[in-house]
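The values are calculated or read from the model by the stated rules, or taken from the named source; none is laboratory data. None of these values were measured; they are calculated from a predicted model. Here Cβ is always computed from backbone atoms with ideal geometry, including for glycine, and neighbour counts include all displayed protein chains. Just so you know, the surface numbers come from the protein's heavy atoms only, side chains and all, with ligands and any DNA or RNA stripped out. Shrake-Rupley method; radii C 1.70, N 1.55, O 1.52, S 1.80 Å.
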Amino acid sequence: MEAWMGYLKRNRSIVVDIFQGQLRSTLTCSECSHQSMTFDPFMYLSLPFPTKKRGRGGPVRLEECIEEFSKEETLDGDECWRCPKCKDFRAATKRIELWKVPPVLVVHLKRFQTNEMGVPSSKINSEVIYPVDDGRGNDNGILDLTDFIPKEAQENQREAPEYKLYAVGNHMGGLYSGHYTAFVNNRVDNHWYHMNDENCSQIANEEAQTKNAYMLFFNKVQHEENAGSSEGSLRASDGDVKTIDIRRQSVSLPHLWPHVVQLDDIEGRPTLSRLVSDDAKWSEDTNSNGRAAAIEELGSDEERDSSLGVVNSGVHPPR
């Protein structure tokens, strides 16, 4: 939470609100087991293909790519880590995990491989299987990231990390040439459309699953039975799930963060009100009166609207 607040101090933007999540990187010394954790923002997930399946041409599940991304790796030789406890370079393990997931999740599939000199050497043409809504009102089209988020982080997620695909960026061609197209879901009629230069044509839902997928775009969704929360109204309806709204974030209004904020001292840490006291006055009373008081001190009407405002997470599709 402190790391996210520090990031918002330097990077307050609607882009942060919509697209940026947070990763936790954990380094563990092989000698003394000392651990170092850092939290870094991400704009999109760049997912590698599973090592065992690269170049074999068979289909790969998107979940397998996420597992490969989060797989523990060993740092040794020239990559040894200087352990602050041992005060020397040691072999270590490193693991990167999802910690906070954004309203709109952008996934990049690392199809282009490079050699040891960093020069592009080949393209992976394996098909990646990802969830696509079949239009029958079931959960077949839901990407659930629960299993990829540490349990201690799951408790602090404001919404369940469930996503629905709304667009696919395709690349046809080889290493040095090719053509880009896109598949986009129109939430007005719930049909998929193929964008190819100036041409737009409707396609069947199942055609959104393609071996040419290079970029995937997901909206976070919430089931209707869980949609009564006062912390976020819901917008576009898609069967039995709805796309969540995006809260404008600021240091002075932490109740709008994606994290579930605790205002009490935890294990000697300073309260949130003390953390933000240098930036804005913050009432520990999170009811409507306390919230209004905090907004009152923000200043202009424009600033108040942007801080309280809710941005529809749906990217406007073709109509």
*Grab the strands (runs of 3 or more DSSP E) fully contained in segment 122-225, keeping just those with 3 or more residues being under 24 Å from the mean Cα position of the chain (by Cα) and not aromatic (Phe, Trp, Tyr).*
142-144, 162-173, 178-186, 213-223
_Is it the case, given these coordinates, that LYS211 is open to solvent by 60 Å² or more (accessible area, probe 1.4 Å) and within 21 Å of ARG61 (Cα to Cα)?_
yes
_Looking at THR74, THR114 in this structure, which one is surrounded by fewer than 18 Cβ atoms within 10 Å (Cβ to Cβ), free of Cβ contacts under 8 Å to residues at least 12 places away in the same chain and of a type in the set (Ser, Thr, Tyr)?_
THR114
*Just need a number here: residues in segment 2-48 that are open to solvent by 60 Å² or more (accessible area, probe 1.4 Å), in a helix (DSSP H, G or I) and more than 17 Å from LYS220 (Cβ to Cβ).*
3
*Exactly one of (1) open to solvent by 30 Å² or more (accessible area, probe 1.4 Å); (2) not in a strand (DSSP E or B) is unmet by PRO102. Its number?*
(1)
*For segment 49-71, enumerate the residues that are outside any strand (DSSP E or B) and either open to solvent by 90 Å² or more (accessible area, probe 1.4 Å) or modelled with pLDDT under 90 (or both).*
THR51, LYS52, LYS53, ARG54, GLY55, ARG56, GLY57, GLY58, GLU67, LYS71
